[in-house]
1. In the list SER40, SER48, which residue meets the criterion of being of a type in the set (Gly, Ala, Ser), surrounded by fewer than 20 Cβ atoms within 10 Å (Cβ to Cβ) and at pLDDT 95 or above?
2. Among the candidates ALA192, ALA218, ALA210, ALA201, which residue alone is open to solvent by 60 Å² or more (accessible area, probe 1.4 Å), more than 19 Å from ASP81 (Cα to Cα) and at pLDDT below 95?
3. What residue, of SER78, SER73, SER23, is at pLDDT below 95 and out of contact with any Asp or Glu (no Cβ under 9 Å at 6 or more places or on another chain)?
4. Name the residue, out of ASP88, ASP119, ASP106, that is charged (D, E, K, R), at pLDDT 95 or above, part of a loop (DSSP other than H, G, I, E, B) and farther than 23 Å from ALA52 by Cα.
5. If you take the residues in segment 53-75 that are polar (S, T, N, Q) and open to solvent by 30 Å² or more (accessible area, probe 1.4 Å), which one is farthest from LYS8 (Cα to Cα)?
Amino acid sequence: MPDIAVGKGLHADASAIIGYRSSRAGPAGLVLGADAVIRSGTVIYLGSRIGARFQAGHNVVIREECEIGDDVSVWSNSVIDYGCRIGDRVKIHSNCYLAQFSEIADDAFLAPGVTIANDLYPGQASSAAVMSGPLIGAGAQIGVNVTILPFVRIGAGCLIGAGAVVVRDVPDGTVAYGNPATVRGEVRGLRAIEDRVDAVAMSVSRYRLAAGVPRGSAAGMGQR
């Protein structure tokens, strides 16, 4: 029988599967830290190590050979493929895909729909031999529906705007957006959010862009 070590305080819905066996050869054990919350439809494979206070939304898949730190959340319909490394306090929102051999450092945030690739020339054996996802630096914020290509390094504290396609490295502390993503400035130079929006009365959409703020200038993040 596989060695499954689950910390105290686990809350797992009845349809969640903890300890699914992969068809790949690999580690048979699983470590899941204390106070995890695993919602319905989620599958966590054998062969990974997951820290304390992990939270999974509905229909999440965590494959084998992953290392996941403390206080990480992965929301509904997201997939963490095998061989990934995720630091502490990382938030991965809904409908994200992390390809094999991707790394996300502490405190990073992925908005809904982020897609990470790891194979530059799909179908070529030589490309498969060096398959590698990107590295996303500590505290980086990745906007909704961003695509990140293989081998890319996104620096610490970066802000990647919604819909960007990141094809090359992005330096620490910079803002990049577009297709291909281009560095447009520094995070420390961003206009304060209070100066960019006006309140809207009688609507659940509580704010709108302030008059005079060009819509194309916003490096939108998406849902938190």
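1. On the way: SER48 fails: surrounded by fewer than 20 Cβ atoms within 10 Å (Cβ to Cβ).
Within the list SER40, SER48, the selection yields SER40.
2. Details: ALA192 fails: open to solvent by 60 Å² or more (accessible area, probe 1.4 Å); ALA218 fails: open to solvent by 60 Å² or more (accessible area, probe 1.4 Å); ALA210 fails: open to solvent by 60 Å² or more (accessible area, probe 1.4 Å).
Checking each option against the conditions leaves just ALA201.
3. Details: SER78 fails: at pLDDT below 95; SER73 fails: at pLDDT below 95.
Just one listed residue meets the conditions, SER23.
4. Numbers: ASP88 fails: farther than 23 Å from ALA52 by Cα; ASP106 fails: farther than 23 Å from ALA52 by Cα.
Criteria check complete, one pass: ASP119.
5. Here is the first cut: in segment 53-75, the ones polar (S, T, N, Q) are 55, 59, 73.
Those still in the list that are open to solvent by 30 Å² or more (accessible area, probe 1.4 Å) too: 55, 59.
Details: GLN55: 14, ASN59: 23 Å.
Within segment 53-75, the match that is farthest from LYS8 (Cα to Cα) is ASN59.
Yes/no matrix, rows are residues, columns are (1) closer than 17 Å to ILE86 by Cα; (2) over 15 Å from the mean Cα position of the chain (by Cα); (3) surrounded by fewer than 17 Cβ atoms within 10 Å (Cβ to Cβ):
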| residue | (1), (2), (3) |
| --- | --- |
| GLY137 | yes, no, no |
| ALA162 | no, no, no |
| VAL175 | no, yes, no |
| PRO180 | no, yes, yes |
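The values are calculated or read from the model by the stated rules, or taken from the named source; none is laboratory data. Computed from a predicted structure; not experimentally measured. Neighbour counts run over all protein chains shown; Cβ positions are idealised from the backbone, glycine included. Areas reflect the complete protein model, heavy atoms only, side chains present, ligands, DNA and RNA absent. Shrake-Rupley method; radii C 1.70, N 1.55, O 1.52, S 1.80 Å.
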